[in-house]
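This report refers to the structure that appears directly beneath it.
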Amino acid sequence: MKTNLNMNFANSDFSDDFAGWPPEATVFPIAGVNLRVLPGSHPFVLAEEAAIRENWAKETAANPALFDGRLVFQQRLSFSEDGIAGEGYVTPFSAFMWWRRQPQPQRQGGLHIFAYPVLESADGALVAIRMGAHTANPGQVYFAAGSLEQEDIVDGHCDIEANMRREVHEETGLDLADAAAGPGLYASYSRRTVTLMRLFRFEMTADEMVKRIEAHMLVAEDKEIAGAVAIRSADPSAHPYNVSMLPVISWYFGKAGA
């Protein structure tokens, strides 16, 4: 599970317009990931400070359960034969929420990147979670995942696998150490959001995994999720998917049937 996660991208040509990347809303292999975290404040935060405060007041009025934590928000990203490289800043969640409100697909000022541990069952399904009504993505179905946070930063860089392990364990109770990790990393992007992913295969059926997650929900301190979901096809209407899930299920079940 230590495959090419921190390559040297000193000569990378950073770009935020995705020129030269594979097509949007597709899944493609990547050689590695190197996400550097810079000191100070993201330029988007400095430029939009008043608007961020105003929007956050509206967000929390509508959903008082929201918490203004910290995440790593990218300023620049690049893609090359060495993988994906980036530079970002530790940024308030309130700033990310304001950025997310910008018209699509012209969002400017930054880029969001997060990691998807793609959980496979022994009987050929994928297992995801359904988010609780009080969260920022109420009712949406996607893999147990979350934004990169301060605790995922090691020696000034984001530790993608640590983020995957933490998010899966917190939200589902499952341990990625019990799964067989796929040999490579993949990525997808849409609406200036990049998804990093790796396959993790458990020796349990999808129903067994769902039961394990439901049992964990009873004792979990953080009640973010409302349930677990077994995904058995690429049908985009089978569940209320987060948009980032659509290329993944299309790729996965297309690959399995190839």
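The values are calculated or read from the model by the stated rules, or taken from the named source; none is laboratory data. Small disclaimer: the values here were computed from a predicted structure and weren't measured. Please note: Cβ atoms are built from the backbone with ideal geometry, for glycine as well, and neighbour counts cover all protein chains shown. Ligands, DNA and RNA are stripped out before the accessible areas are found, and what is left, the full protein with its side chains, is counted by its heavy atoms. Shrake-Rupley method; radii C 1.70, N 1.55, O 1.52, S 1.80 Å.
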### Message
All but one of (1) farther than 24 Å from TYR252 by Cα; (2) open to solvent by less than 30 Å² (accessible area, probe 1.4 Å) hold for ARG100; state the number of the condition that does not hold.
### Response
(2)
### Message
Looking at the structure I just gave you, is SER237 out of contact with any Phe, Trp or Tyr (no Cβ under 8 Å at 6 or more places or on another chain) and without any contact (Cβ under 8 Å) to a residue 24 or more places away in the chain?
### Response
yes
### Message
Just to confirm my filter: which strands (runs of 3 or more DSSP E) fall fully inside the range 151-237 and include at least 2 residues that are among the hydrophobic types (A, V, I, L, M, F, W, C) and farther than 22 Å from PRO247 by Cα?
### Response
225-231
### Among residues of the range 128-158, those that are open to solvent by less than 40 Å² (accessible area, probe 1.4 Å) and within 16 Å of LEU196 (Cβ to Cβ), counted
9
### Task
Pairs only if they're at least six apart or on different chains, beta carbon under 8 angstrom, first in the range 107-124 and over 21 Å from ALA85 (Cα atoms), second charged (D, E, K, R) and open to solvent by less than 10 Å² (accessible area, probe 1.4 Å); list them, first residue then second.
VAL118/ARG198
### Options PRO240, PRO236: the member that is within 18 Å of the chain's Cα centre (by Cα), farther than 16 Å from HIS169 by Cβ and at pLDDT 95 or above
PRO240
### Verdict on ASP175 being in contact with a His (Cβ under 9 Å, 6 or more places away or on another chain) and either at pLDDT below 95 or open to solvent by 30 Å² or more (accessible area, probe 1.4 Å) (or both)
yes
#### Entry: Members of the range 129-150 that are within 15 Å of PRO92 (Cα to Cα) and part of a loop (DSSP other than H, G, I, E, B)
ALA136, GLY146, LEU148, GLU149
### Subset of the range 107-127 [open to solvent by less than 20 Å² (accessible area, probe 1.4 Å) and either out of contact with any strand residue (DSSP E or B) (no Cβ under 8 Å at 6 or more places or on another chain) or closer than 23 Å to ASN34 by Cβ (or both)]
ARG107, GLY110, LEU111, HIS112, ILE113, ALA115, TYR116, PRO117, VAL118
## Note on the structure
When ASN55 is run through (1) open to solvent by 20 Å² or more (accessible area, probe 1.4 Å); (2) at pLDDT 95 or above, the failure sits at (1)
### Message
Give all pairs with beta carbons closer than 7 Å in which a residue from the range 159-178 that is basic (Lys, Arg) meets a residue that is surrounded by 16 or more Cβ atoms within 10 Å (Cβ to Cβ); count only pairs at least 6 apart in sequence or on separate chains.
### Response
ARG165/LEU176
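Taking the stated definitions as given, is ASP152 touching a strand residue (DSSP E or B) at 6+ places or on another chain (Cβ under 6 Å), more than 19 Å from ILE231 (Cβ to Cβ) and acidic (Asp, Glu)?
Taking the combined requirement at face value, the residue satisfies it.
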### Message
For the condition open to solvent by less than 30 Å² (accessible area, probe 1.4 Å) and either touching a residue at least 12 places away in the same chain (Cβ under 8 Å) or touching a Ser or Thr at 6+ places or on another chain (Cβ under 6 Å) (or both), what is the one hit in ALA181, ALA228, ALA215?
### Response
ALA228
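Given the residues TYR252, TYR186, which is the only one that is open to solvent by 30 Å² or more (accessible area, probe 1.4 Å) and aromatic (Phe, Trp, Tyr)?
TYR186
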### Query
For residues in the range 58-85 being among the small types (Gly, Ala, Ser) and not in a helix (DSSP H, G or I), which is modelled with the lowest pLDDT?
ALA65
### Message
Need pairs with beta-carbon distance below 8 Å; first residue open to solvent by 40 Å² or more (accessible area, probe 1.4 Å) and within the range 74-97, second of a type in the set (Asp, Glu) and assigned to a strand (DSSP E or B); sequence gap 6+ or separate chains.
### Response
GLN75/GLU87; ARG76/GLU87
